[in-house]
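> The structure's right below; bear with me while I get my questions together.
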Amino acid sequence: MKLVINIYRRIRDILLTLLGIIAYYFFHSTFIKKTKSDIENYQFKKIKKLLIYVSKHVPYYRSLFKDIGFIPKKDFKSLIDLEKIPILKKETVRNNRNSFKSEKNFFYLKFKTSGSSGAPFEALVSYGHWIVEQAVIWRQWKSFNYKFRDKIGILRSFAPSKGEPIIKIDKIRNFIYYSPYHLSEDNMRKYHKDMESRNIKFLRGYPSSIKIFADFCKRNKLSLKNLKGILLASEQLTIEDKSFIGGVFEAPIINHYGLAECIIMFGTIFEDNVLYNYEDYGYLEVVKNSSNKYEAIGTNLNNYAMPLIRFNTGDIVSIKKNNFKSKKTIPFRPIKEIHGRSSDRILTNNKEIPVTNLYTKLSKCLDIKKFQIIQHKNLDLIFIVLCDKKNEQKIKTFLIKELFIFEEEKIKYTIKFSSNFKRSGEGKIPTYMRVNG
């Protein structure tokens, strides 16, 4: 039965990707040429349709709209009317997840957030949205001369099980995965040799993982010939890291910002040095908070399985105010920089493991309400986990299975079930922190 389910999912994913490519050629490739007025009109129609839908089929919004006296058909007359709806916090979604599910949409994918805030949860994404997702990503890759089945070397999204090889090949998509949990000198030399022999065209991963690999290549005077670009995502990309990584591999940086909740998406296009909001994917608002910083608030235009309206992403952005002159005119809103997604690194005896990869592992277990990782000066680790008491043994078994990498590195770790998380000097609870004790 499990085999049948896996085959079905594989066929489904391939089909949705192909539909995304078709959508790119028939619509999204030309959307980038529309005027600002055309884009706003498109977004208005999409959002109004979504608001009418959620008022009927999503319990949370049906109740909210009744409480605030908001009738979409009558009260939503322009995009600015969206501000009549309160900004949605992540905690609200996490605490009322079932009430955000559509009562009507039965076809969806499930995505688990990375848990970078220490509290992962599961989001539902409709098939229609996922087709748009594939279309806009294809548009970005095509702008950097990606050709169908170009080989891509990937330093993320692969956590080998105990005894499994640290290199995995996806023949259908022509992806080669390299474990980001095994970035020792010997393994990175093996990775580089494998990439060169396969003549990979793109390198993909979290900035923290790619930077470790880039540093290794620079120190050993190694290069990757014929690279068309380096695909980076999910973490803050500083100007310094971008320059360093691009300089080592002598290839353009293709930066990408997205959320597991599938709200908004930014990306570089045509080798520009800024990110653009994909206006056919999500509607972006930039709102000043109490600290005078600008938060990214998003509304997805296409997800009817678990619609999130005016969702506070928790990310701080810098807006590029001046018109940006690029190789091609792009009518999308430019984003200068995203703050707050940098990644720390867990230290082992002979390498560093970017902590973002560990968040991905922990996000698999939705019974974990919140977690924190503490590393001591002697490299020992403590995993503090908040959950219902009935789930403690289940979570402990899960963690022991997922954290075998630290046993291989002879790093001691302790699992503590508690709500007493350590705070930084500023009073915040960081998801990962190092202590001297």
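The values are calculated or read from the model by the stated rules, or taken from the named source; none is laboratory data. Note that the coordinates shown come from a computational prediction; the quantities given were computed from them, not determined experimentally. For neighbour counting, all protein chains shown are included, and Cβ atoms are generated from backbone atoms with ideal geometry for every residue, glycine included.
> Scan the stretch 218-258 for residues that are among the small types (Gly, Ala, Ser), without any contact (Cβ under 8 Å) to a residue 24 or more places away in the chain and closer than 20 Å to Lys336 by Cα and report the count. Can you show your working first?
Here is the first cut: in the stretch 218-258, the ones among the small types (Gly, Ala, Ser) are 223, 229, 233-234, 243, 246-247, 251, 258.
Still in the running and without any contact (Cβ under 8 Å) to a residue 24 or more places away in the chain: 243, 246-247.
Next, only the ones that are closer than 20 Å to Lys336 by Cα stay: 243, 246.
Result for the stretch 218-258: 2.
> Looking only at the stretch 169-190, how many residues end up being surrounded by fewer than 16 Cβ atoms within 10 Å (Cβ to Cβ), under 21 Å from Pro207 (Cα atoms) and either aliphatic (A, V, I, L, M) or modelled with pLDDT of 95 or more (or both)?
Of the residues in that region, 2 qualify.
> Using the structure shown, decide if Ile154 is surrounded by 17 or more Cβ atoms within 10 Å (Cβ to Cβ), touching a residue at least 12 places away in the same chain (Cβ under 8 Å) and not in a loop (DSSP other than H, G, I, E, B).
On the way: surrounded by 17 or more Cβ atoms within 10 Å (Cβ to Cβ): yes; touching a residue at least 12 places away in the same chain (Cβ under 8 Å): yes; not in a loop (DSSP other than H, G, I, E, B): yes.
When the stated conditions are applied, Ile154 passes them.
> Hand me the list of helices (runs of 4 or more DSSP H) wholly inside the stretch 325-437 holding 3 or more residues that are at pLDDT below 80 and touching a strand residue (DSSP E or B) at 6+ places or on another chain (Cβ under 9 Å).
Working: elements: 355-362, 392-402, 404-408.
In the stretch 325-437, 355-362 are the helices (runs of 4 or more DSSP H) which contain 3 or more residues that are at pLDDT below 80 and touching a strand residue (DSSP E or B) at 6+ places or on another chain (Cβ under 9 Å).
> Moving on to the next point. Can we say Arg9 is of a type outside the set (S, T, N, Q), modelled with pLDDT under 90 and either under 22 Å from the mean Cα position of the chain (by Cα) or more than 23 Å from Cys365 (Cα to Cα) (or both)? Can you show your working first?
Working: of a type outside the set (S, T, N, Q): yes; modelled with pLDDT under 90: yes; either under 22 Å from the mean Cα position of the chain (by Cα) or more than 23 Å from Cys365 (Cα to Cα) (or both): yes.
When the stated conditions are applied, Arg9 passes them.
> Is there a residue being farther than 29 Å from Leu366 by Cβ, free of Cβ contacts under 8 Å to residues at least 60 places away in the same chain, among the basic types (Lys, Arg) and touching a Leu at 6+ places or on another chain (Cβ under 9 Å) anywhere in the stretch 176-191?
yes
> Could you tell me how many of the residues in the stretch 250-284 are in a loop (DSSP other than H, G, I, E, B) and either touching a strand residue (DSSP E or B) at 6+ places or on another chain (Cβ under 7 Å) or closer than 28 Å to Leu50 by Cβ (or both)?
So the first thing to find is which residues in the stretch 250-284 are in a loop (DSSP other than H, G, I, E, B), and the list is 250-252, 258-265, 268-274, 278-281.
Applying the additional criterion that residues be either touching a strand residue (DSSP E or B) at 6+ places or on another chain (Cβ under 7 Å) or closer than 28 Å to Leu50 by Cβ (or both) yields 251-252, 258-265, 268-269, 274, 278-281.
Counting residues in the stretch 250-284 that are in a loop (DSSP other than H, G, I, E, B) and either touching a strand residue (DSSP E or B) at 6+ places or on another chain (Cβ under 7 Å) or closer than 28 Å to Leu50 by Cβ (or both) gives 17.
> Name the pairs: first residue in the stretch 370-396 and closer than 16 Å to Glu352 by Cβ, second residue polar (S, T, N, Q) and in a strand (DSSP E or B), Cβ to Cβ under 6 Å, at least 6 apart or on different chains?
Listed by first residue and then by second, the contacts come to Leu381/Gln375.
> Are any residues in the stretch 195-242 assigned to a helix (DSSP H, G or I), under 24 Å from Thr356 (Cα atoms) and at pLDDT 90 or above, and if so, which ones? Before you say what the answer is, go through the steps one by one.
Within the stretch 195-242, the first condition is being assigned to a helix (DSSP H, G or I), and the residues that meet it are 195-198, 207-219, 239-242.
Checking the rest, the ones that are also under 24 Å from Thr356 (Cα atoms) come to 195, 207-218, 239-242.
Met195, Ile210, Lys211, Ile212, Phe213, Ala214, Asp215, Phe216, Cys217, Lys218, listed by residue number.
> Any idea which of Tyr177, Tyr181 is in a loop (DSSP other than H, G, I, E, B) and either aromatic (Phe, Trp, Tyr) or on the phi > 0 side of the Ramachandran plot (or both)?
On the way: Tyr177 fails: in a loop (DSSP other than H, G, I, E, B).
Only one candidate qualifies: Tyr181.
> Moving on. Mind checking which residues of the stretch 1-44 are surrounded by fewer than 11 Cβ atoms within 10 Å (Cβ to Cβ), within 30 Å of Asp75 (Cβ to Cβ) and not small (Gly, Ala, Ser)?
As a first pass, look at the stretch 1-44 and keep what is surrounded by fewer than 11 Cβ atoms within 10 Å (Cβ to Cβ): 1-8, 11, 26, 30, 35, 37.
Still in the list and also within 30 Å of Asp75 (Cβ to Cβ): 35, 37.
Residue satisfying the conditions is Thr35 alone.
> Still on this structure, please answer the following. Scanning for something surrounded by 15 or more Cβ atoms within 10 Å (Cβ to Cβ), in contact with a Pro (Cβ under 9 Å, 6 or more places away or on another chain) and not small (Gly, Ala, Ser), does the stretch 65-79 turn up at least one residue? Quick ask: steps written out before the conclusion?
Residues of the stretch 65-79 that are surrounded by 15 or more Cβ atoms within 10 Å (Cβ to Cβ), as a first pass: 65, 70, 72, 76, 79.
Next, from what is left, pick out any that are in contact with a Pro (Cβ under 9 Å, 6 or more places away or on another chain): 65.
From what's left, not small (Gly, Ala, Ser): 65.
Looking through the stretch 65-79, at least one residue is surrounded by 15 or more Cβ atoms within 10 Å (Cβ to Cβ), in contact with a Pro (Cβ under 9 Å, 6 or more places away or on another chain) and not small (Gly, Ala, Ser).
> Only one residue in Phe44, Phe26, Phe31 is free of Cβ contacts under 8 Å to residues at least 40 places away in the same chain and within 17 Å of Asn300 (Cα to Cα). Which one? I'd like the intermediate steps shown before the answer.
On the way: Phe26 fails: within 17 Å of Asn300 (Cα to Cα); Phe31 fails: free of Cβ contacts under 8 Å to residues at least 40 places away in the same chain.
None of the other options fit; the residue is Phe44.
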